[in-house]
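Before any comments, here is the structure.
What follows is calculated from the coordinates using simple rules that are stated; it is not laboratory data. Everything numeric here is computed off the predicted structure, so don't read it as measured data. Methodologically, a virtual Cβ is constructed for each residue, glycine included, from the backbone with ideal geometry; neighbour enumeration extends over all protein chains shown.
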């Protein structure tokens with residue numbers, strides 16, 4: 001659960017992006033946030049996972065104020081899929097991309113390797129296992145970035161424009177994944193220009209950002 | 001606010017002050033050159049404190065090197081001794097102060113260039129007979145530095161999102177993670193540069209050997225006066241620095 005309590009945010013004194021937002025995002029619900037370019041959608045997503053911090057208001061993740069946690073600690077609860085997946089890819093191969101944080105932290109186990117193999121299958125990347133990620137198509141890179149988030153067993157994921165600039169097949173795959181994630185009890189927050197994001201029967205909520213305020217549609 | 005001087009004159013200021021800071025052999029000359037560049041910054045309406053803040057990482061590195069240099073340089077009068085060993089000597093102190101002044105001067109000199117936009121600087125370089133393509137590439141490269149910095153910072157955040165606390169990693173693992181970040185950051189920049197090059201080709205860049213400009217740079221009376229004053233001061237300092245030894 002992510003709680004925003006009276007949160008305001010400004011990049012500079014004259015440009016208030018978010019104004020006194022109070023809202024609770026729960027697991028098991030799919031939230032779709034729309035709004036014009038520059039209306040503060042991405043800023044709000046980044047605030048929710050600690051990538052951006054503000055002193056005006058409180059952001060709580062699983063009941064704890066995020067200012068008391070590092071981004072790494074917050075990411076155990078909240079995942080963030082960037083609009084540009086390349087920002088999230090570092091390793092020389094697709095498989096290493098999934099396991100390298102565990103290698104670095106010294107926590108790479110047989111179970112972790114199994115999970116990586118399974119996610120490669122889920123996201124149809126098993127034949128790309130030894131490929132350099134940045135040489136893959138945008139849709140494949142997007143799926144890989146999503147797989148890296150799923151490696152952490154996260155309960156809530158923020159998707160920043162997850163289906164922009166990708167083909168229909170990949171779009172459908174990501175859409176299907178999000179719906180099944182929510183059906184299985186996960187929470188999803190999608191920042192999207194796609195006003196008609198198909199909620200397909202899952203517990204969903206359409207939101208709109210305007211003038212720095214958050215509205216339910 | 002943009003400088004009203006011709007960008008070539010600003011480039012002259014940068015070259016002269018940087019040259020003096022390299023040639024100055026003692027701390028007094030370095031201090032004089034530093035004060036002159038500081039004065040130029042004030043005349044150009046630049047805030048030196050803001051410069052210090054913007055370059056805070058570089059400044060802290062310079063101070064660290066200077067501190068280290070003061071400890072490792074021997075000679076001169078001992079200032080701090082510990083168990084009979086000279087920790088800091090007068091020569092070490094003067095050398096490290098000279099280093100700080102020299103680097104500070106170069107930083108302040110470079111800041112003068114920020115009072116012109118990259119378009120002006122490219123035109124200025126082209127007027128100095130630097131091949132236009134080379135001048136253009138320099139301009140683009142300078143534009144890429146902050147972009148590259150931002151991309152690097154974003155990737156550090158993305159690594160943190162994967163549950164890696166870089167601060168807590170051992171040095172060998174830190175090096176590994178930075179190499180992981182550096183490779184895509186550089187390849188990303190190369191891809192961006194390639195896209196810019198293709199985009200420029202499609203817009204006719206390099207299609208004709210001679211270029212025309214909407215705004216043609218022309219030296220004005222104020223530019224000539226500034227050039228004469230700057231060159232005279234430069235020659236005077238060089239004369240007193242070397243000829244009267």
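Output the peptides A:4-16, A:147-159 sorted from most to least packed, where packing is the average of other Cβ atoms within 10 Å over each peptide's residues.
A:147-159, A:4-16
Taking a ≥ b ≥ c as the square roots of the Cα gyration tensor eigenvalues, with a/c under 1.5 meaning rounded and otherwise prolate when a/b beats b/c, else oblate, which class fits chain B?
oblate
Find the centroid of the Cα atoms in the range A:113-173 and in the range B:61-103, then give the distance between the two in whole Å.
Answer, in whole Å: 54.
Can you tell me the 0 to 90 degree angle between the C-alpha axis of helix A:168-183 and the longest principal axis of chain A, rounded to 10?
Helix A:168-183 sits at roughly 70 degrees to that axis.
Working from the alpha-carbon coordinates of the range A:86-153, get Rg over Rh, Rh being the Kirkwood radius.
0.92
How large are Rg and Dmax for the protein assembly as shown when only the alpha carbon atoms are used, in Å?
According to the Cα coordinates of the protein assembly as shown, Rg and Dmax are 28.0, 89 Å.
Rounding to the nearest 10 and keeping the result within 0 to 90°, find how far the Cα-based axis of helix A:138-150 lies from the longest principal axis of chain A.
Between helix and principal axis, roughly 80 degrees.
With angles folded into 0 to 90 degrees, how steeply does helix A:94-105 sit against the dominant principal axis of chain A? Use alpha carbons for both and round to 10.
The two axes meet at around 70 degrees.
Based on DSSP H runs of at least 4 residues, each adding -39500 (n - 2.57), what is the mean residue ellipticity at 222 nm of chain A after dividing by all its residues, to the nearest 500 deg cm²/dmol?
Mean residue ellipticity at 222 nm (helix-derived): -9000 deg cm²/dmol.
What ranking do B:103-110, A:24-31 get when scored by the average of other Cβ atoms within 10 Å per residue, highest first?
For the peptides B:103-110, A:24-31, the packing ranking is B:103-110, A:24-31.
Relative contact order, percent, of the range B:1-139 when contacts are C-alpha pairs under 8 Å separated by at least 6 residues?
33 percent
Quote the relative contact order of chain A in percent (integer), defining contacts as alpha-carbon pairs under 8 Å separated by 6+ residues.
Contact order relative to length: 32 percent.
How would you classify the range A:123-165 from its alpha-carbon gyration tensor, with a ≥ b ≥ c the square roots of the eigenvalues: rounded for a/c under 1.5, else prolate if a/b is greater than b/c, otherwise oblate?
Cα axes put the range A:123-165 in the oblate bin.
What average count of beta carbons from other chains do you get within 10 Å of the Cβ of residues in B:180-186?
4
Mind running the shape call on the range B:37-177? Use the C-alpha gyration tensor, a ≥ b ≥ c as the square roots of the eigenvalues: rounded below 1.5 for a/c, prolate if a/b tops b/c, oblate otherwise.
In terms of gyration-tensor shape, oblate.
Averaged over its residues, how many other protein chain Cβ atoms are within 10 Å of peptide B:143-155's Cβ atoms?
Rounded to a whole number, the mean comes out at 1.
Just rank B:235, A:98, fewest to most, by other beta-carbon atoms within 10 angstrom.
By the 10 Å Cβ count, ascending, the order reads B:235, A:98.
From Cα pairs below 8 angstrom and at least 6 apart in sequence, can you work out the relative contact order of the range A:1-65, rounded to a whole percent?
44 percent
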